[in-house]
Amino acid sequence: MIAAGDADEGLKARALSELCEMYWKPIYLYVRGRGRNAADAEDLTQGFFGSILERQKLESLERVEGRLRSYLLKSVKNFMISDWKRDHALKRGGGVEHLPLEMDEGERLFASQESGAQPPRPDHLFERQWALTLIEQALGRLQEEYESIGRKDTFDALSPLLEDMGKWKASGLAERLGMTESSVRVAIHRMRKRFRGLLEEEIRQTVVDPAEVEDEMRHLLTVLAAA
């Protein structure tokens, strides 16, 4: 996704469009967490990514440690207090290209975060959804790999165990898959290893320095653990 800063205009446009589609949910939840209503959050999210697409570039990531996560969070904070917001309030359907984003899904996610006694901090809403978005991307790729080799049933059975291998009943699952219990354990281990590799690849696309991947992984796991 760092390719969004690539010099090739065609590649840049595609990468920016993908960025909007992948990472609008953390932005939307951040804006809602700042107290904006659903309609305003939709407009601000559309306007934020619309401004990026209009400029056809991302600014330098050096100021935010080379991480797309930090860059977008800092950028949306600036966007919400900028003169652009006050002087060019976005009207639905006009001003900036309206992006095909499923805002109802964003509102459902926000509502699910509001169930606790204390409302979550906006930054935490952003960080948690950012982590979940990367996991969703990695899990989607993992599913495609299993389906491409005709092992959809195996993926459907084992993927719920990626987080906690101890949740399964060995005999029942092994019988259902036509495998031995030891084979099931090996299959789960391999799936978890491949999933982690895919997640690292997703993270690698959001940092400038590959050496930051492990640190970013630890950060995101810490965010999820604090939820």
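The values are calculated or read from the model by the stated rules, or taken from the named source; none is laboratory data. These numbers come from a predicted model, not from an experiment. Here Cβ is always computed from backbone atoms with ideal geometry, including for glycine, and neighbour counts include all displayed protein chains.
In segment 1-60, the residue that is nearest to Lys77 (Cα to Cα) out of those that are modelled with pLDDT of 80 or more, in a loop (DSSP other than H, G, I, E, B) and of a type in the set (Lys, Arg) is Arg34. Within segment 33-53, the set of residues being closer than 19 Å to Ser82 by Cβ and not small (Gly, Ala, Ser) comprises Arg34, Arg36, Asp40, Glu42, Asp43, Leu44, Thr45, Gln46, Phe48, Phe49, Ile52, Leu53. In the set Gly178, Gly197, only one residue is modelled with pLDDT of 95 or more and small (Gly, Ala, Ser); that residue is Gly197.
Which ones in segment 180-223 are free of Cβ contacts under 8 Å to residues at least 60 places away in the same chain and either not assigned by TED's automatic domain parsing to the domain that holds Glu136 or not in a helix (DSSP H, G or I) (or both)? Matches in segment 180-223: Thr180 only. Can you confirm whether segment 141-150 contains a residue that is outside any helix (DSSP H, G or I) and within 23 Å of His189 (Cβ to Cβ)? Yes, the conditions are met somewhere in segment 141-150.
With respect to the conditions (1) out of contact with any helix residue (DSSP H, G or I) (no Cβ under 9 Å at 6 or more places or on another chain); (2) modelled with pLDDT of 65 or more, Ala117 falls short on a single one, namely (2). Against the conditions (1) modelled with pLDDT of 65 or more; (2) in contact with a Ser or Thr (Cβ under 9 Å, 6 or more places away or on another chain); (3) in a loop (DSSP other than H, G, I, E, B), Phe79 satisfies every one except (3). Only one residue in Asp156, Asp164 is surrounded by fewer than 17 Cβ atoms within 10 Å (Cβ to Cβ), modelled with pLDDT of 90 or more and more than 22 Å from Leu109 (Cβ to Cβ). Which one? So the residue among Asp156, Asp164 that is surrounded by fewer than 17 Cβ atoms within 10 Å (Cβ to Cβ), modelled with pLDDT of 90 or more and more than 22 Å from Leu109 (Cβ to Cβ) is Asp156.
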